[in-house]
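The next block holds one structure in the form of structure tokens; read it before the comments.
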Amino acid sequence: MAARAYWQGQIRLALVSIPVEIYSATKTGAKISFRQIHEPSGKRVSYEKVVQGIGPIDRDDIIKGYELSKSNYVLLEDEEIEAVKVESKRTLELVQFVDASEIDPLYYEKPYYVAPKDDLAEEAFVVLREALRKAGKVGLGQLSIRGQEKLVALKPCGKGLLLETLRYADEVRKGQAFFSEIEEQKPQKELLDLATTLIDNKTAPFDASEFEDRYVEALRKLIDKKAKSKSDKLVLEDTDEPEGGKSGNVIDLMAALKKSVGDEKKPETKKSSKSKKSA
């Protein structure tokens, strides 16, 4: 079964728009998850919304609350939350370029593959990819998905592009707060040389396939063994859970790029909406 695109839209670089599709680069199926089962009946355990001192309640009586301090909440209706969601324009505009080394690994969150939407988009897609590769830069922008705005970084990845969501500054803790008790001292030369030698001896190119999650592998073997045993296996009746743009054309790429570069060199002036081209 072909992978389903996580997001469809366009990457915009000045006057150039490139229709693309974004796919998740990771998969959750590799991990093992469990359901809670009522052993006497063999049925799945469901959860009720319960209020202390009242008992089970109706879902329609639930609203969201933001805790300002202990037991002190600001209450928000769903309509109020919906009203502040960012409108999805299906466009990722690259607004800045930086060296990859400038982004601390702490900010990287989740990777996605980016591919051209169709054959018409491929030429501009390749130009952007190779321009990023030649410049040694990473493109930055903000992407609106499901009402939330994600900070993202875009860089070459083989024949395609890799988009990585980034954490915002207020989501990252400063490490110095945890390292303040460590004394500032240099190790003994002999110890440092020995540790360096050990590191050199174990240095090799990174290959993720050389490593395996031994806990997951042991769980799989246990599950396979119990699945083959008639006395251990429970057969449960389950129900399937429900599954929860148009591409633009890339026109005269060379002209659009030249005009974009020319516009960057000109001093900023107020332009009328009629002078803008949509690519």
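A few remarks follow.
- Among the residues here, Leu191 does not qualify as in a helix (DSSP H, G or I), surrounded by 10 or more Cβ atoms within 10 Å (Cβ to Cβ), hydrophobic (A, V, I, L, M, F, W, C) and modelled with pLDDT of 70 or more.
- In the condition set (1) within 30 Å of Val126 (Cβ to Cβ); (2) outside any strand (DSSP E or B), Leu92 is compliant with all but (2).
- If you go through segment 157-188 and pick out every residue that is within 30 Å of Arg129 (Cα to Cα) and not in a loop (DSSP other than H, G, I, E, B), you end up with 10.
- Of residues in segment 19-55 being of a type in the set (Ser, Thr, Tyr) and in a strand (DSSP E or B), the one nearest to Leu253 (Cα to Cα): Tyr23
- Qualifying residue in segment 75-86 (condition: at pLDDT below 95, part of a strand (DSSP E or B) and over 17 Å from Ile18 (Cβ atoms)): yes
- Count of segment 38-73 residues which are surrounded by fewer than 10 Cβ atoms within 10 Å (Cβ to Cβ), within 23 Å of Arg146 (Cα to Cα) and more than 29 Å from the chain's Cα centre (by Cα): 2
- Lone qualifier among Leu154, Leu132 - being surrounded by 17 or more Cβ atoms within 10 Å (Cβ to Cβ) and not in a strand (DSSP E or B): Leu132
- Checked against the criterion of being modelled with pLDDT under 95, surrounded by fewer than 16 Cβ atoms within 10 Å (Cβ to Cβ) and farther than 24 Å from Ser24 by Cβ, the candidates Asp170, Asp118 yield just one match: Asp170.
The values are calculated or read from the model by the stated rules, or taken from the named source; none is laboratory data. Owing to the predicted nature of the structure, the values given are computational and were not obtained by experimental measurement. Methodologically, a virtual Cβ is constructed for each residue, glycine included, from the backbone with ideal geometry; neighbour enumeration extends over all protein chains shown.
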